Amino acid sequence: MGQIAKTTQTQALSKQPQTIKDFIKVYQKEVAKALPKVMTPERFTRIVTTALTTTPKLAECTPQSFIGSMMQAAQLGLEPNTPLGQAYLIPYGAQCQFQLGYKGMIELAHRSGEVKSIEAHVVHEGDEFDFEYGLEARLRHKPSMMTGGAPVWVYGIVHFKDGGYAFEVMSYEECMAHGKKYSKTFRNGPWQTEPEEMAKKTVLKKVLKYAPMKTDFVTFDENSYDFNTDSGDINVIPAEGRIIEEDVQESIGVDAQTGEVISE
């Protein structure tokens, strides 16, 4: 009788999720509930599973933190750890953290249906440029017909469909100082080969904070699950999702072709 009980217990344990991939399969229904209509559950599950392959350290994270981060990406309907740069699942030791990329912010802003356009420009010496914040904020930029002037200012602007707008302006020196502070590849990466493009990325992240974001959170209650290592149930721990201060491709390391997160 004791042998039968032992065998039954062994069989029960073998059915419990053992790896992160097992937990992904267990939570496929919850993923389907959380995802907005912009992505199918099958595609999202495939992307997350691929992330485990391209970033092996994710498999070393706790199931709670990984599933919590995964569900945040699902709620937003963003592809994590792909070349699109929308969002990232980042392993920090045994914890997985969800990070929203600025391209993900642009995607969410466009989904709101309230944004007409999002753009960024560099002001060079010789351009006519003037801006003012306050109750009557304004910005005027007329590029010079002459080319070759040194970059001076960088600005990002969001135009809304109702005619409104929001903008942010940074000096070129401020953008470069930002890159030097946050980018680990500042001295030998795109900040050196394409500095103006990187400066535009920096100011875009600031102006995107004013843009409306379209999300579908109502289909997922992050407090509706319990975590139990024996049964395989999970209480989703909301990962502290944050907008990355510096593009993950520079500060943490992401392969531009595969989306692999290169951890130290």
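Key figures for this structure:
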{"quantity": "Residues of the stretch 110-129 classified as surrounded by 16 or more Cβ atoms within 10 Å (Cβ to Cβ) and modelled with pLDDT of 95 or more, total", "calculated": "6"}
{"quantity": "Number of the condition not met by Phe66 [criteria: (1) crowded, with 21+ Cβ neighbours inside 10 Å; (2) within 30 Å of Tyr155 (Cβ to Cβ); (3) among the aromatic types (Phe, Trp, Tyr)]", "calculated": "(2)"}
{"quantity": "Any hit, the stretch 130-137, residues being within 26 Å of His110 (Cα to Cα), at pLDDT below 95, in a strand (DSSP E or B) and out of contact with any helix residue (DSSP H, G or I) (no Cβ under 7 Å at 6 or more places or on another chain)", "calculated": "no"}
{"quantity": "Ile90 outside the structural domain of Pro41 (by TED's automatic domain parsing) and crowded, with 16+ Cβ neighbours inside 10 Å", "calculated": "no"}
{"quantity": "Given (1) in contact with a strand residue (DSSP E or B) (Cβ under 6 Å, 6 or more places away or on another chain); (2) at pLDDT 55 or above; (3) over 22 Å from Ile118 (Cα atoms); (4) among the small types (Gly, Ala, Ser), index of the condition Ala239 fails", "calculated": "(2)"}
{"quantity": "Members of the stretch 145-157 that are small (Gly, Ala, Ser) and either modelled with pLDDT of 95 or more or in a strand (DSSP E or B) (or both)", "calculated": "Ala150, Gly156"}
{"quantity": "Residue selected from the stretch 158-197 under the condition of a type in the set (Asp, Glu) and not in a loop (DSSP other than H, G, I, E, B), by the criterion nearest to the chain's Cα centre (by Cα)", "calculated": "Glu197"}
{"quantity": "Breaking point among (1) in the same structural domain as Thr53 (by TED's automatic domain parsing); (2) without any contact (Cβ under 8 Å) to a residue 24 or more places away in the chain; (3) touching a Lys or Arg at 6+ places or on another chain (Cβ under 8 Å), for Glu132", "calculated": "(1)"}
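Residue-wise test of (1) out of contact with any Cys (no Cβ under 9 Å at 6 or more places or on another chain); (2) surrounded by fewer than 14 Cβ atoms within 10 Å (Cβ to Cβ); (3) over 21 Å from Gln86 (Cα atoms); (4) among the charged types (D, E, K, R).
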{"position": "Gly148", "(1), (2), (3), (4)": "yes, yes, yes, no"}
{"position": "Ile157", "(1), (2), (3), (4)": "yes, no, no, no"}
{"position": "Lys161", "(1), (2), (3), (4)": "yes, yes, yes, yes"}
{"position": "Ala166", "(1), (2), (3), (4)": "yes, no, yes, no"}
{"position": "Gly189", "(1), (2), (3), (4)": "yes, no, no, no"}
{"position": "Val203", "(1), (2), (3), (4)": "no, no, no, no"}
{"position": "Lys206", "(1), (2), (3), (4)": "yes, no, no, yes"}
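Residues checked against (1) within 30 Å of Pro56 (Cβ to Cβ); (2) in contact (Cβ under 8 Å) with a residue 40 or more places away in the chain; (3) in the same structural domain as Thr55 (by TED's automatic domain parsing); (4) not polar (S, T, N, Q):
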{"site": "Cys96", "(1), (2), (3), (4)": "yes, yes, yes, yes"}
{"site": "Gly101", "(1), (2), (3), (4)": "yes, yes, yes, yes"}
{"site": "Ile118", "(1), (2), (3), (4)": "no, yes, no, yes"}
{"site": "His141", "(1), (2), (3), (4)": "no, no, no, yes"}
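The values are calculated or read from the model by the stated rules, or taken from the named source; none is laboratory data. Because the structure is a prediction, the values reported are computed rather than measured. For neighbour counting, all protein chains shown are included, and Cβ atoms are generated from backbone atoms with ideal geometry for every residue, glycine included.
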